[in-house]
Amino acid sequence: MRGPSGAGKTLLLRAVADLDPNEGLVTLDGRDRSTIAGPEWRRLVGYVPADPGWWANTVGEHFGEWTAALAFVNDLGFSDEAKAWPITRLSTGERLRLALARALIVRPKVLLLDEPTAALDVASVAAVESLINARMRAGLAVLWVTHDAEQAKRVAHRHLVVEAGQVREEAPEWTIISP
Amino acid sequence: MDNYIPLSYWDLAAASLLVFINAGLSVIFRLRVHRSLLIAAIRMVVQLSLVGVVLTTLFSAVSPLWTGLAALVMVLFAGNEAAQRQERGLSGWWSYGLGTGCMMMSSVVVTVFALLTALRPNPWYDPRYVIPLLGMILGNCMTGISLGLDTLTTSLVSRRAGVEAQLMLGATRWEAVAPVTRQALRSALMPTINSMSATGVVSLPGMMTGQILGGVPPAEAVKYQILVMFMIAGGTGLGAVTAVLGGVYRVTDGRHRLRLDRLRPPKPA
């Protein structure tokens, strides 16, 4: 999903995640969202914001069981010692990758990503893309907001454009005009 | 209890010189507080004089109706004060209603408890006991509740991302807000805990000092003070817990969302 800043991309993701009051019909596998309790819905539909939030001091405290988290955390390039790292010492890229691991552990069916690679270096971008790709092959549906047209081309099966609060689908064979 | 020294109006006038000295200092150091200092001093004199008249009437009437009415007015004023003291209070009726409701519930419960168990005046609603006790409990309850609610709302605003991150992982609203709730309750109870531990060492409580000046033997005044401290602790705890939990209930909703839109907009800087 792409669109100019302020078009409502984040608002749309938050509405799907049911974080803000919103109207409209949202279904998952034919189940109406209004029949599913909020916490259960958010375990099915994960959301990683552009600037993920933290509620404790160290990395480990944000994961229920560290041993269970290790597989995900190692996949994203962290060692076992990351458990004791203070959140304040993490770089933006590290925070994003940990937030991603945190969201994946819950095993959601849908993942909403708000510019997950905007602050990452090239190698980390590739790592995140391949991880998400692997999950998508395993059946995870992803709604991915990006400003990077090349990335959209690499990862997306459908392309949505948000403009002035309206969502429209672009044909998959759209061409990219590089600046 | 007639062995106290009555004060004449000349005595008070002489003491008021001290306020004028303060005002003079404000002028010399250009603090620009002399006006508000003098206005505050005049307000204090007028308000206390009125209270003196009201209490004299109330105490001579000993009527459950008038005592109850006076208690209600005190609770409503305290509720208003608690609502004013919050940076980002709840919006609409909740701003006033939550604090006032919790204050009324907790202070009435604690005061009636003390009247029926420890003090047992005859009649039990004797305003000479009800009004001062309620006043002291309300004053502390008000501080506790406004601190608790203020900490709750300002922390939820500043820690919103962390709370929503927990909600996003499937936490319920109570789980996601728990660290902020604990922080709010701690700051609500801190003044009471601090004043209990400092009492008698750092400070002599006003009520006890007043009783001693009024001719009550210190040992008796101390017993009253201990009773009042326990009542304050109980009332503040009960009021703050209900107010903070009520606040959490209001700033979240049945879909387990954080509803900061239900707070008053921030005051312009």
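The values are calculated or read from the model by the stated rules, or taken from the named source; none is laboratory data. As the structure is a prediction and not an experimental result, all values here were calculated from the model. Positions of Cβ are generated from backbone atoms using ideal geometry, with glycine treated the same way; all protein chains shown enter the neighbour counts.
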**Study point:** Positions within region A:55-69 being away from chain B (no Cβ under 11 Å) and aliphatic (A, V, I, L, M), in sequence order
**Key:** A:59, A:68, A:69
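For residue B:189, state whether it is buried (at least 24 other Cβ atoms within 10 Å of the Cβ) and either under 23 Å from the mean Cα position of the chain (by Cα) or outside the structural domain of residue B:247 (by TED's automatic domain parsing) (or both).
no
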Review point. What number of residues within region B:84-103 are more than 19 Å from residue B:134 (Cβ to Cβ), surrounded by 14 or more Cβ atoms within 10 Å (Cβ to Cβ) and among the hydrophobic types (A, V, I, L, M, F, W, C)?
Key: 3
Check your understanding: So which of B:115, B:55 ends up being in a helix (DSSP H, G or I) and in contact with a Phe, Trp or Tyr (Cβ under 9 Å, 6 or more places away or on another chain)?
Key -> B:115
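Conditions tested, residue by residue: (1) more than 18 Å from residue B:100 (Cα to Cα); (2) of a type in the set (Asp, Glu); (3) in contact with a Cys (Cβ under 9 Å, 6 or more places away or on another chain).
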| position | (1), (2), (3) |
| --- | --- |
| B:188 | no, no, no |
| B:215 | yes, no, no |
| B:229 | yes, no, no |
| B:235 | no, no, yes |
| B:241 | no, no, yes |
| B:247 | no, no, no |
Point to revise | Every pair of residues 6+ apart whose Cβ atoms lie under 7 Å, when the first sits in region B:243-269 and is more than 8 Å from every other protein chain (Cβ to nearest Cβ) and surrounded by 21 or more Cβ atoms within 10 Å (Cβ to Cβ) while the second is of a type in the set (S, T, N, Q) and part of a loop (DSSP other than H, G, I, E, B) | key: B:263/B:91
Exercise for review: Taking the options A:95, A:43, name whichever one is over 24 Å from residue B:172 (Cβ atoms) and touching a residue at least 12 places away in the same chain (Cβ under 8 Å).
Suggested key: A:95
Exercise for review: Would you mention how many residues in region A:106-126 are small (Gly, Ala, Ser) and buried (at least 18 other Cβ atoms within 10 Å of the Cβ)?
Suggested key: 1
Review point. Just for region A:1-18: of the residues that are in contact with a Leu (Cβ under 7 Å, 6 or more places away or on another chain) and surrounded by 20 or more Cβ atoms within 10 Å (Cβ to Cβ), which one is nearest to the other protein chains (Cβ to nearest Cβ)?
Key: A:17
Review point. Could you count how many residues in region B:169-208 are within 14 Å of chain A (Cβ to nearest Cβ), in a helix (DSSP H, G or I) and not aliphatic (A, V, I, L, M)?
Key: 7
Revision key, fill the gap. With the first residue restricted to region B:154-167 and required to be in contact (Cβ under 8 Å) with a residue 12 or more places away in the chain and within 11 Å of chain A (Cβ to nearest Cβ), and the second required to be assigned to a helix (DSSP H, G or I) and of a type in the set (D, E, K, R), Cβ contacts under 9 Å at 6 or more apart or on different chains are B:163/B:173; B:164/A:14; B:167/A:42; B:167/B:173; B:167/B:175
Practice item. Could you identify the single residue in A:37, A:50 that is at the interface with chain B (Cβ under 9 Å from one of its Cβ atoms) and farther than 20 Å from residue A:136 by Cβ? Key: A:37
Exercise for review: State yes or no: is residue B:107 part of a helix (DSSP H, G or I), among the small types (Gly, Ala, Ser) and either under 11 Å from the mean Cα position of the chain (by Cα) or within 21 Å of residue B:59 (Cα to Cα) (or both)?
Suggested key: yes
**Study point:** region B:196-224 residues that are within 22 Å of residue B:4 (Cα to Cα) and free of Cβ contacts under 8 Å to residues at least 40 places away in the same chain, paired with ones that are of a type outside the set (A, V, I, L, M) and surrounded by fewer than 13 Cβ atoms within 10 Å (Cβ to Cβ) (beta carbon under 7 Å, 6 or more apart)
**Key:** B:212/B:218
Check your understanding: How many of the residues making up region A:70-89 are away from chain B (no Cβ under 14 Å) and touching a residue at least 24 places away in the same chain (Cβ under 8 Å)?
Key -> 8
